[in-house]
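Working notes, structure below.
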Amino acid sequence: MAVLTQILVVNAGSSSLKLRFLNGADEVTGSADLPPDGDIKAAIEGFGEVHAVGHRIVHGGDEFSGPVLIEGAVRQRLGALTDLAPLHQPKSLAALDAVTEVLPGVPAVACFDTAFHATIPPAAATFALPAQWRERWPLRRFGFHGLSHAYVSRRAADLLGVGSVGPGLRLVSCHLGAGASLAAVRDGRSVDTTMGFTPLDGLVMATRSGSVDPGLVLWLQTHAGIPADELGDALENRSGLVGLAGTPDLREILARAAACDAEAELAREVYLHRLGTSVAAMTAALGGLDALAFTGGVGENSAEIRSRVTARLGFLGVHVDYDRNDTGSGDRDISPPGAPVSVLVISAREDLEIARQVREIIPP
């Protein structure tokens, strides 16, 4: 095989397929965002010679705690995990199969959104459910957005000058986008996270509810007669910000709230309440806080969300310099000089984390 320098990163989302082509210096030399029926073959052929492929796979179950070379048996086991993420896993596997058809002889690596959280201790990962259930099924906190949180933890350590994984660094990573989750990271390892058995748990998201009392869901099923599939659709697609304010677009909600729209104000405050209390919970899991990092579409681009949530966290030593928060771009520290907690903005780069994991599995 040729020297491993040119890696194709494949990231299948809900409505698009993102392809990124990285060279040996981790520079993006080609990219394509394709619709579901896009011409994958033409896009890949336009990049040049591909030495290896890295696929973002949403769910690795309790079997895959790190990247793995995709071979026949592995592909079968990935398919068997579809029932754990029925809305996400099929898209990842469809992209995997389509790219493999175009590049049949090129080694490919599965990189999992759940793997980073495999280090969560039993106290945080275990649900207080009947032992028979836990023995029969993999009922645990899996966590998601692990590729993003893993990259943020490495980049934060680099920005703060504390080594490649930040030994001793207590970090809360905030991945805020249409989907959203937090990770409590100590010494570069996840020790807690807000998403659980599925990506529905935790923060308020664009269309997902986040944490809801399971008794409420049972009540709706038993007393209101709402069937399970309708409940699932509502919690996934008609809840969160769209359920509160009629739109999944946080920018629109913030603009409406500034104009004293009561519905938008409530949506903003519910979003911030859950986010602020969850950062505090992650801090408790860490036993303290050294750095808070924002990433994802909202985390990177909404100075208002950053300022409003950090204003609620002053008791933890979290503050922002408002000039730094409102201006600038790229990866940066927006906390005041000498602040006890560093507040960082870090661009989401799952592609770099996937490329790193590919090189870990397939050395040059």
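The values are calculated or read from the model by the stated rules, or taken from the named source; none is laboratory data. Nothing here was measured: the structure is a model prediction, and the numbers come from that model. Heads up, the Cβs are rebuilt from the backbone with ideal geometry, glycines too, and the neighbour counts pull from every protein chain shown. These area figures cover heavy atoms from the full protein model, side chains too; ligands, DNA and RNA do not enter into them. Shrake-Rupley method; radii C 1.70, N 1.55, O 1.52, S 1.80 Å.
Give the residues of segment 13-35 that are open to solvent by 50 Å² or more (accessible area, probe 1.4 Å), closer than 16 Å to residue 88 by Cα and either in contact with a strand residue (DSSP E or B) (Cβ under 7 Å, 6 or more places away or on another chain) or in contact (Cβ under 8 Å) with a residue 40 or more places away in the chain (or both), sorted by residue number.
14, 18
How many residues are open to solvent by 50 Å² or more (accessible area, probe 1.4 Å) and either in contact with an Asp or Glu (Cβ under 6 Å, 6 or more places away or on another chain) or farther than 23 Å from residue 192 by Cβ (or both) when one looks only at segment 262-274?
Here the count works out to 5.
Can you name the condition, by its number, that residue 239 falls short on among (1) open to solvent by 50 Å² or more (accessible area, probe 1.4 Å); (2) at pLDDT 95 or above?
(1)
Every residue in segment 275-327 that is closer than 24 Å to residue 350 by Cβ and open to solvent by 60 Å² or more (accessible area, probe 1.4 Å), please.
301, the sole residue that qualifies.
Filter segment 308-330 down to the residues that are out of contact with any strand residue (DSSP E or B) (no Cβ under 7 Å at 6 or more places or on another chain) and either part of a loop (DSSP other than H, G, I, E, B) or under 16 Å from residue 160 (Cα atoms) (or both) and list them by number.
Of everything in segment 308-330, those that are out of contact with any strand residue (DSSP E or B) (no Cβ under 7 Å at 6 or more places or on another chain) and either part of a loop (DSSP other than H, G, I, E, B) or under 16 Å from residue 160 (Cα atoms) (or both) turn out to be 312, 313, 317, 319, 321, 327, 328, 329, 330.
In segment 157-172, is there at least one residue being crowded, with 24+ Cβ neighbours inside 10 Å and either free of Cβ contacts under 8 Å to residues at least 12 places away in the same chain or under 18 Å from the mean Cα position of the chain (by Cα) (or both)?
Within segment 157-172 (the criterion being crowded, with 24+ Cβ neighbours inside 10 Å and either free of Cβ contacts under 8 Å to residues at least 12 places away in the same chain or under 18 Å from the mean Cα position of the chain (by Cα) (or both)), the answer is yes, since at least one residue qualifies.
Considering only residues that are closer than 17 Å to residue 234 by Cβ, among the hydrophobic types (A, V, I, L, M, F, W, C) and modelled with pLDDT of 95 or more, which ones fall in segment 179-217?
204, 205, 206, 212, 216, 217
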